[in-house]
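All remarks here apply to the structure that follows.
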Amino acid sequence: MNADVRALARATAELASENPERGPALVVAVADRLRQHGTRRDLAAFPKLLRRMLRRYGPLEAEIEVLKPLTETERAGLETALRTISDRPVALTVSEHPSLIGGARLRVGDERLDASLRGALHRLSSLLS
């Protein structure tokens, strides 16, 4: 596989994630350029490479479950912290779950953090039984 196509896919993914509104048009423009000046092999490999690069460099999907809605300040602080840690843009989804009793559960990609009172009580119950 051509290293130039790999670099092109990475650059396209980074630019598309920085500017989501223009991302689809950018991908089409790059694919057209490859169609005109690249080889068939480059063109065939580009979509797979782009998907891989978007997973690596695209927005980080994060979901937080809370008892009550986050304030704008809390949400902005969480997004900033996640963006700083991951060095990627963050797509944060907030959902309310009264069953948590208190605290929050955070899911970032495959990682999960349960800092809820319900989770703590469940862990304590497991230890005592």
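The values are calculated or read from the model by the stated rules, or taken from the named source; none is laboratory data. Just so we're clear, the structure is a prediction, and the values are computed from it rather than from any experiment. With ideal geometry, Cβ positions are generated from the backbone for all residues, glycine too; neighbour counts draw on all protein chains shown.
Quick notes on this structure:
- Consider the stretch 99-129 and keep the residues that are part of a helix (DSSP H, G or I) and among the charged types (D, E, K, R). The one that is nearest to the chain's Cα centre (by Cα) is R118.
- Matching residues, the stretch 51-98, being closer than 17 Å to L113 by Cα, in a helix (DSSP H, G or I) and modelled with pLDDT under 85: S86
- Residue pairs whose Cβ atoms lie under 8 Å apart, separated by 6 or more positions or on different chains, with the first residue in the stretch 47-62 and over 12 Å from V27 (Cα atoms) and the second exposed (fewer than 14 other Cβ atoms within 10 Å of the Cβ) and hydroxyl-bearing (S, T, Y), are E61/T93; A62/T93.
- Residue in the stretch 23-32 that is within 30 Å of L113 (Cα to Cα) and surrounded by 17 or more Cβ atoms within 10 Å (Cβ to Cβ) present: no
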